[in-house]
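The numbers here are math on the coordinates, done by the rules we state, and not lab data. All values reported here derive from a predicted model rather than from experimental measurement. In this analysis, Cβ positions are derived from the backbone assuming ideal geometry, glycine residues included, and neighbour counts consider all displayed protein chains.
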Amino acid sequence: MASQSHPYLNGDSNTHIPKKPKLSSLSSSFITEAEIQSEFSHHDSTIARINNGSFGCCPSSISNSQQHLQLQFLSQPDHFYFSHLKPGILRSRTLLQSLINAQHLDEISIVDNATTAAAIVLQNIAWSFAEGKFNQGDVAIMLHYAYGAVKKSIEAYLTRAGGHVIEVHLPFPVNSNEEIVFEFRKALEKGKENGRKVRLAVIDHITSMPTVVIPVKELVRICREEGVDQVFVDATHGIGCTDVDMQDIGADFYTSNLHKWFFCPPSIAFLYCRKSSQCLDLHHPVVTHEYGNGLAVESAWIGARDYSAQLVVPKVFEFVDRFEGGIEGIKKRNHENVVKMGQMLAKVWGTNLGCPPEMCASMIMVGLPACLGISSDLDTLKLRTHLRDKFGVEVPIYYRAPKDGEVDLVTGYARISYQVYNKVDDYHKFRDAINELVGDGFTCTLLRG
Amino acid sequence: MGSQSHPHPHLNGDSNTHIPKKPKLSSLSSSLITEAEIQNEFNHHDPTVARINNGSFGCCPLSIIQSQQELQLEFLRQPDHFYFSELKPGILKSRILIQRLINAHHLDEISIVDNATTAAAIVLQNIAWSFAEGKFNHGDVAIMLHYAYGAVKKSIEAYVTRAGGHVIEVHLPFPVNSKDEIVFEFRKALEKGKENGKKVRLAVIDHITSMPSVVIPVKELVRICREEGVDQVFVDAAHGIGCTDVDMQDIGADFYTSNLHKWLFCPPSIAFLYCRKSPGCIDLHHPVVSHEYGNGLAVESAWIGTRDYSAQLVVPKVFDFVNRFEDGIEGIKKRNHDNVVEMGQMLAKAWETNLGCPPEMCASMIMVGLPACLGISSDLDTLKLRTHLREKFGVEVPIYYRAPKDGEFDVVTGYARISYQVYNKVEDYHKFRDAINQLVGDGFTCALLYN
């Protein structure tokens, strides 16, 4: 295990980052519970932070490493630029290549976040329409539950350029992979009507809201069978959450954030582009002198900015390896814990989960009691704020509109996450907050005043 | 002058990373920042290097770094709360300060982006759409300076040329003797652009070129563009704010971008893109599309996915910092200019060379001719010499290769671009002077760097 001397900060209690925890040479070399808590002691202790899915987390030792890099740049930026930046990005890319089982280093580009990766893939689609490679009306398929930003990106690049978008309507709650596959095939058929070509399928690996693990491998296979040109898997919640193997999944493009479930500071993601004749044409939208040298090289320099989050990746790999089973162990334990906590909450509240345990990773949707009267997206935002401000619980809530004929159903689902810093008490706090609201006869109408 | 009463964390650590406590303002002395305090604020700069290249990467005082770290920690501590309650008001506050600083009429006109390179991509992507959607005709023209920044040239290729536009370069003389030379070449290029009934859709004009560095008379060129019927003018002022005068009403461009981490003491990285309110400007979009798409460029740019926005949020603290100097940013600009001219003239005299432009055509950077005997004869030579100066002499300065024209003999072919910022000292330039003198004395030529 590498030893690192890090600068450490002292200051008032609001900003205290403790020294990097020492590894005892006598005990097991795995990180201890106390060390984990220490690494995340900068988290607001008054909050039950059960929403790792939104913004992720970053251990103090990694923040310290990042600050070290930032200071190194500021100390002599020219030297940093000429001697450290490129090798540092290369090192990060090399580590990511082995992590996700990509065959060629060229296939790995580092970008700010999955939103940026989506813009890269979709801008290329827009050029294909503009340059006549695609015909007006050619189709792109996306999930109805695709992330809001990606939907807008598809509108901004694809619809604007003349493409036609078809949404895959997924059921929620969902009971099996078959339900998803069935809807996907339906949408593909619709896409191919009237001799149209399906140019792109955008598939979430794990949807955001409501969250469900999508059977991407199977859907990619179906896309190949049905003649879809290219498949783009948006795995914002990918690395550190579910299994990510490029050979196994087989997509043309795959992106995942590393600051969500892989302990990197904000922000960093990778975009994998399977080596093929088409992938040479992808460009980063922020064009620099590296234009034309391949997406990975273009993305490694998009003007003067802070690249420290991208350079700190080796330190993050070391951090992850301090856990038993490394990232695999973390994923497994997070999954088991979030299922256990979800089941505990659903039982106490007399509700249900949004999907079976095997269709979730480290997040799960838990039904909220119907008596809370959640009846709109705005209700979910207000209730979320109420939980944060009055109960110290941070959790996003999804509004599941009732379908025709459905009565007295669960209309609100909380998306709980489990990450290494969470404790059972966090979920008890949430359980008790909801129980108190129910006991007080609370409904969301009270928040609309 | 704002007083800052909240405590800052301070770092202790090994000597490579030592950041001292934020300097205290003495209540008895003048409230202006002292020389000692300035040196303290830039204590983290490598003391072994004569850092006379503020133009490339700028600088950031320690008190601002600390403020930025506070913001970063605040986000990490409770990111959801930060996102819902702090981020938008913080960006708004920064935009308001920038609006006032550059005399823009409407807050909507100010968007904050990562850097001028990003701003260029925003403006040029819009041009690409105009070609793709048939608003512009194939062959319509964009004008740019031959000395436009490399990234911007590539961006023009990636978005304008690729979409069917035709690019015309304005060839500027260097060394340059007067603004008239620039205006003359610009008019020539415009005429060429309008040949055969073509429309000039965009003029991309540097406010201060990068290499070689010269202040361009943008106000006059913008006026000429209006007279000649150019659709839109985009001023790339990467070196704008804190370097030269930046007044949106005075300059009159449609689009104007400037980095704030170069000459306005912000941490890496932050820039603004000004888009004059007009029917044409509503169509600009940030290329990284988020759920804010369609809500106007400023709102789109304020949320481009999860990332570290701290450099954009620290702007109020930077304004406080700048106001600790006599006459604020105006005073800093003036003193930087006077000093860089003095240092440039000192070096040109010591080496018996010349400056690249008259003093009134530079701001806080100036091109100083290097002795011809050094034998600089290619771009590669300049890179190698720059590395040599960094590694062997502890001098950081970019060098420009000025190829000899037909008939020119024994001319200066290499120019160093020296910068002056508040942390610089005369000794930095003496160190450079002596390094070159030593190389000359040793009979050094660039050919020696190729073993």
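Which distance in Å, rounded to a whole number, links the C-alpha centroids of region A:244-273 and region B:331-364?
When both Cα centres are located, 50 Å separates them.
Tell me, A:Glu406, B:Glu342 in order of fewest to most beta-carbon neighbours within 10 Å?
By the 10 Å Cβ count, ascending: A:Glu406, B:Glu342.
Using the basic label-point model (7 angstrom from Cα toward the beta carbon), what is the A:Asp248 to A:Lys197 distance in nanometres?
3.3 nm
Fewest to most neighbouring Cβ within 10 Å: what's the order for B:Thr48, A:Thr236, B:Thr209?
B:Thr48, B:Thr209, A:Thr236
With charges set only on the Cβ (+1 for Lys and Arg, -1 for Asp and Glu), what does the dipole of chain A come to about its Cα centre, in debye to the nearest 20? Don't skip to the answer; put the middle values down first.
Working: 43 positive and 50 negative charges, 64 e Å.
Value, rounded to 20: 300 debye.
For a Förster distance of 25 Å, can you work out the FRET efficiency between the beta-carbons of B:Leu32 and B:Leu97, rounded to the nearest 0.05?
Approximately 0.75, to the nearest 0.05.
So how compact is region A:256-387: Cα radius of gyration and Dmax in angstrom?
Cα radius of gyration and Dmax of region A:256-387 are 20.9, 60 Å respectively.
When all alpha-carbon pairs of chain B are counted, what percent fall beyond 41 Å? Please report the intermediate quantities before stating the final value.
Details: 20466 of 101475 pairs.
In whole percent, the share of Cα-Cα pairs in chain B beyond 41 Å is 20.
Hey, what's the Kirkwood Rh for region A:326-447 if you take every pair of different alpha carbons, in angstrom? Please list the in-between numbers first.
Working: mean 1/r = 0.0677 Å⁻¹.
With all distinct Cα pairs of region A:326-447 included, I get 14.8 Å.
Report, for region A:79-319, the % of DSSP beta bridges that are antiparallel, rounded to 5.
Values: 10 of 27 bridges.
Percentage antiparallel, nearest 5: 35.
At what distance in angstrom do the alpha carbon centres of region A:137-157 and region A:179-207 lie from each other?
Centre-to-centre distance over Cα atoms comes out at 12 Å.
Give me the inter-chain shielding for A:302-315: mean count of other chain Cβ atoms within 10 Å, whole number please.
Mean partner-chain Cβ count within 10 Å for A:302-315: 5.
Provide the FRET efficiency to the nearest 0.05 for the B:Arg223-A:Glu131 pair, computing r from the beta carbons and using R0 = 51 Å.
That gives a FRET efficiency of 0.85.
For the protein assembly as shown, give the share of DSSP beta bridges that are antiparallel, in percent and rounded to the nearest 5; count only bridges with both residues there.
Antiparallel bridges: around 50 percent, rounded to the nearest 5.
Using the basic label-point model (7 angstrom from Cα toward the beta carbon), what is the A:Ser276 to A:Lys390 distance in nanometres?
5.2 nm
In whole angstrom, how far apart do the alpha carbon centroids of region A:312-327 and region A:372-431 sit?
32 Å
Putting +1 on Lys and Arg Cβ atoms and -1 on Asp and Glu Cβ atoms, find which of A:Phe253, A:Val313, A:Ala130 reaches farthest to the positive end of the dipole of region A:79-319.
Of A:Phe253, A:Val313, A:Ala130, it is A:Ala130.
For chain B, calculate the relative contact order in percent as a whole number, restricting contacts to Cα pairs under 8 Å that are 6 or more residues apart.
This gives 19 percent for chain B.
Please list the radius of gyration and Dmax for region B:82-320, considering alpha-carbon atoms only, with Å as the unit.
Radius of gyration, then largest Cα-Cα span, for region B:82-320: 17.4, 56 Å.
Using the Kirkwood radius over Cα pairs, work out the Stokes-Einstein diffusion coefficient for region A:31-189 at 25 °C and 0.890 mPa s, in µm²/s as a whole number.
121 µm²/s
Go ahead and run the numbers for FRET between A:Glu189 and A:Phe323, Cβ-Cβ distance against an R0 of 41 Å, rounding to 0.05.
On the way: r = 45 Å, r/R0 = 1.09.
My answer for the efficiency is 0.35.
Evaluate the protein assembly as shown: find the radius of gyration of its Cα atoms, find its Kirkwood radius, and give the ratio Rg to Rh.
Values: Rg = 28.7 Å, Rh = 29.3 Å.
Result for the protein assembly as shown is an Rg/Rh of 0.98.
Between B:Glu181 and A:Val407, how many nm apart are label points set 7 Å from Cα along the C-beta direction?
For B:Glu181 paired with A:Val407, the spin-label model returns 8.8 nm.
Give me B:Cys243, B:Cys266 ranked fewest to most by other Cβ atoms within 10 Å of their Cβ, as a rough exposure proxy.
Details: B:Cys243 31, B:Cys266 28.
Result, fewest neighbours first: B:Cys266, B:Cys243.
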